[in-house]
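Notes follow the structure.
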Amino acid sequence: MTPRMNSNTADEAVELLMNATMVIERSAYLGAGHYERHGDRVSYANGFKPKRLDTRIGELHLSIPQTRDCKFYPQSLERGMRSEQALKLAVAEMYVRGVSTRKVTEITKKLCGAYRDWRDLRRQ
């Protein structure tokens with residue numbers, strides 16, 4: 001997690017909590033902790049991948065733990081990705097039906113708590 005300008009303590013706390021939880025989850029998946037040698041180890045830790053996530057409390061900058069076998073992905077983010085896909089499908093359907101970008105923006109503000117520029121919506 002890198003320090004940011006204009007961030008509040010709530011989103012920093014959520015970032016810290018999610019990053020720590022994902023590291024613990026990766027250790028459980030691997031069958032061994034950080035720098036721990038164990039015969040039942042499934043794979044090896046392989047650094048982190050940055051990910052930006054828009055939430056109701058603000059923009060989160062997460063560090064997604066990676067493994068060498070590339071089979072690990074945190075469960076907490078999979079649920080979020082599914083809802084993001086559902087939102088994209090809903091926006092695409094509204095676009096096809098001819099809903100104005102102003103109404104789409106209002107709806108996404110109510111659903112997500114975050115502002116999405118209409119230019120971003122047209123790219124999806």
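Just checking, how many residues over the range 21-43 are exposed (fewer than 15 other Cβ atoms within 10 Å of the Cβ) and under 14 Å from the mean Cα position of the chain (by Cα)?
Counting residues in the range 21-43 that are exposed (fewer than 15 other Cβ atoms within 10 Å of the Cβ) and under 14 Å from the mean Cα position of the chain (by Cα) gives 1.
What are the pairs, 6+ residues apart or on separate chains, where a residue within the range 22-51 that is within 10 Å of Thr67 (Cα to Cα) and in contact (Cβ under 8 Å) with a residue 24 or more places away in the chain has its Cβ under 8 Å from a residue that is among the small types (Gly, Ala, Ser) and outside any loop (DSSP other than H, G, I, E, B)?
Sorted first by the residue in the range 22-51, then by its partner, the pairs are Arg26/Ala45; Leu30/Ala45.
Would you please list the contacts, defined by Cβ atoms under 6 Å and residues six or more apart or on different chains, that run from a residue in the range 57-72 that is over 20 Å from Asp11 (Cβ atoms) and free of Cβ contacts under 8 Å to residues at least 40 places away in the same chain to a residue that is of a type in the set (Phe, Trp, Tyr) and surrounded by fewer than 16 Cβ atoms within 10 Å (Cβ to Cβ)?
Here the result reads Arg68/Tyr44, each pair linking the range 57-72 to a residue that is of a type in the set (Phe, Trp, Tyr) and surrounded by fewer than 16 Cβ atoms within 10 Å (Cβ to Cβ).
Sort through Ser83, Ser7 and tell me the only one that's outside any helix (DSSP H, G or I), out of contact with any Lys or Arg (no Cβ under 9 Å at 6 or more places or on another chain), modelled with pLDDT under 80 and not hydrophobic (A, V, I, L, M, F, W, C).
None of the others qualify; the one that does is Ser7.
Exactly one of (1) out of contact with any strand residue (DSSP E or B) (no Cβ under 8 Å at 6 or more places or on another chain); (2) more than 25 Å from Ala13 (Cα to Cα) is unmet by Ser76. Its number?
(2)
Condition first: of a type in the set (Val, Ile, Thr) and under 17 Å from the mean Cα position of the chain (by Cα). Now tell me which residues in the range 9-20 satisfy that. Working first, answer last.
Quick first cut of the range 9-20, residues of a type in the set (Val, Ile, Thr) only: 9, 14.
Scanning the range 9-20 gives a single hit, Val14.
The values are calculated or read from the model by the stated rules, or taken from the named source; none is laboratory data. Note that the structure is a prediction, hence the values are computed from the model and not measured. Using ideal geometry, Cβ is built from the backbone for each residue, glycine included, and neighbour counts are taken over all protein chains shown.
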